[in-house]
Structures are given as structure tokens and as C-alpha cells.
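Working notes for the structure below.
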Amino acid sequence: MDLKGAKLTWLGHATFRLETPGGKTILIEGWVMGNPKCPDKEKQLKKVDVMLCTHGHRDHIGDALEIAKKFNPTVVGMVELCDWMELKGVKNVSGMNKGGTQTVGDIRVTCVHAVHSSGIDDDGKMIYGAEACGFVIHLDNGVRLYHAGDTAVFGDMAIIGELYSPDIALLPIGDHYTMSPREAAYACKLLKPKTVIPMHYGTFPVLTGTPAEFKKLAQGVEVIEMTPGQTL
Ligand code: NI
Ligand code: MN
């Protein structure tokens, strides 16, 4: 796998930090300080230029408001999720919807489908959080990265594969709330990425899927098992 000067760090669960060759810091998912898998030294974020949020569940946006208020990144997500954040005092949101692409910082980001639910726990009240989504990130060095968010496998992953040809796919494998290794291995056939980085496993006891199991099932694709805090 060649990120051509970009750097990708796994902060545990579904959260990643992507540093672009142009010097922008992209945070994928807003769950850092409360994330039990995030190493302590990584909980002190230094800067965030863009924050992408796939859906309203706490293990994806649990720290998003705090991060947004501290670093004032452009927050990208489904439009209703961004509207909710704006109501909560976040200044710089750029809501979008599936099928669309926008330029933020020095990346282009496409909002793509995910098969999952998305409520927001708004101080104990469950409210509508728009549909869940995934993102394809197009770096200006030509590298394309697909973060699937939380999702089941779905046939239109083939469209994501054909239209955007992701080099790297970040796929949930933990089971219970998302794909298990079996579905994620099938997703690879549809997406045809060069490299897959498994995520969203092991954080809670019910997330039982393992990278070892996934590696056995995923044929013809490079699987990189990262450890939280590791940078590629
Ligand atoms: Ni979720
Ligand atoms: Mn989740």
C-alpha cells in the first residue's frame, strides 16, 4: 500500500486521522477522548481541519461537538446531522447527502450509501439523525480511500467500486451492529480495493469479528491489521 505522502493513523474503533500531503488534518469520526481503544497520547488532538461523521451513534460522534468547538474544523456529514450540530453551537458545518461530492480543506469527499440506522442521543432523548453514510476521500495525490462507516454489505458497493476505485477500504468487521468478517470479505469482491484495513471490532464484547478470521476469508486483497495509535 502506498499513501504517497499522506499519513493514516487509527485512533481505535472507527476513528482515523488522515494527514494529507498538503498538511491538512482530517479526522474521520468524532469519537476520540471517550473512545476506550484510543491510546491516551492520541486523545490530545493537536489540530483538526476537517471532521467527517458517518452517522449519529455515540461511538461515532460522542466527542464531535467538543472537538468541533475546540478546533473549528469544517464538519462534514449528512445534512440533518450537520444541522443538529449547528443547533448545538458548531460554527462550521458543511452538510451534504448521498451521491454528492464536495471539496473541503485539500480533499474532495463523496458521500456514499451505508446500510445502517442513525439516531442521535440528544441528552437522553433519541432523535432523528439522518441516514447513515460512508465517505470516499479523494486526495490530490490520486489516492482514494473509502471509509464505509457502520454498514451491512450491500450490492451497490459494486457501484462505489466501479465509480471511485478506492485504493484503500476501511471496513467494519466486528459483527452484531455491522458486517462480520464473512460479509466484509464479500464486500471486497464488490469494492475491489487494493488494501483493506479492518475496523469496528473488539471495542465491546459483542464485536466479536477478528482480523485473523477476515484475512482467511478475504481473497486477493491486501489486509493490513493496524493497532490503535499506529500510523501508516
Ligand atoms: Ni452505528
Ligand atoms: Mn458503530
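The values are calculated or read from the model by the stated rules, or taken from the named source; none is laboratory data. The structure displayed is predicted, hence computed values, not measured ones. Positions of Cβ are generated from backbone atoms using ideal geometry, with glycine treated the same way; all protein chains shown enter the neighbour counts. For the accessible areas, the whole protein counts, side chains as well, though only heavy atoms, and no ligand, DNA or RNA atoms are used. Shrake-Rupley method; radii C 1.70, N 1.55, O 1.52, S 1.80 Å.
Laid out as a table, the results:
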item: Distance histogram for the chain (every C-alpha pair counted, 5 angstrom bins, percent rounded to whole numbers); result: 1, 7, 16, 21, 22, 18, 10, 4, 1, 0
item: Structure-based [θ]222 nm, the chain - -39500 (n - 2.57) summed over DSSP H runs of at least 4, per residue, nearest 500; result: -5500 deg cm²/dmol
item: Other-chain or far-sequence residues with amide H under 5 Å of residue 223's (modelled H); result: 196
item: The chain - share of DSSP beta bridges that are antiparallel (%, nearest 5); result: 60
item: Signed unit charges on C-beta, dipole axis of the chain, positive-most listed residue 228, 13, 31; result: 228
item: The range 1-120: relative contact order in percent, alpha carbon pairs under 8 Å with at least 6 residues between; result: 18
item: For the chain: relative contact order, % (alpha-carbon pairs under 8 angstrom, 6 or more apart); result: 17
item: Gain in span if fully extended, residue 208 to residue 227, counting 0.36 nm per residue against the direct Cα distance; result: 5.2 nm
item: Distant-in-sequence amide H partners of residue 78 (H built 1.01 Å from N, under 5 Å); result: 96
item: Taking N as its residue count, the alpha carbon Rg of the range 83-130 over 2.2 N^0.38 Å; result: 1.36
item: For the chain: accessible area per residue (Å², 1.4 Å); result: 42
item: Extension gain, residue 92 back to residue 117 (0.36 nm per residue minus Cα-Cα distance, nm); result: 6.5 nm
item: Charged-residue dipole, Cβ positions (Lys, Arg, Asp, Glu), the range 138-232 about Cα centre, Debye nearest 20; result: 220
item: For the range 113-232, the spread of Cα positions along each principal axis, largest first, Å; result: 44, 31, 30
item: Accessible-area composition of the chain, carbon plus sulfur, in percent [1.4 Å probe]; result: 50
item: Mean-position separation - Cα centroids, the range 190-224 and the range 1-73, in angstrom; result: 20
item: Selected from 81, 27, 163 as most flexible by GNM, with the chain as the system and alpha-carbon contacts under 10 Å; result: 163
item: Dipole magnitude (debye, nearest 20) for the range 7-223, charges at Cβ of Lys, Arg, Asp, Glu; result: 540
item: The range 212-218 - phi-based ³J(HN,Hα) in whole Hz, Karplus 6.51/-1.76/1.60, Gly and Pro as x; result: 4, 5, 5, 4, 5, 8, 8
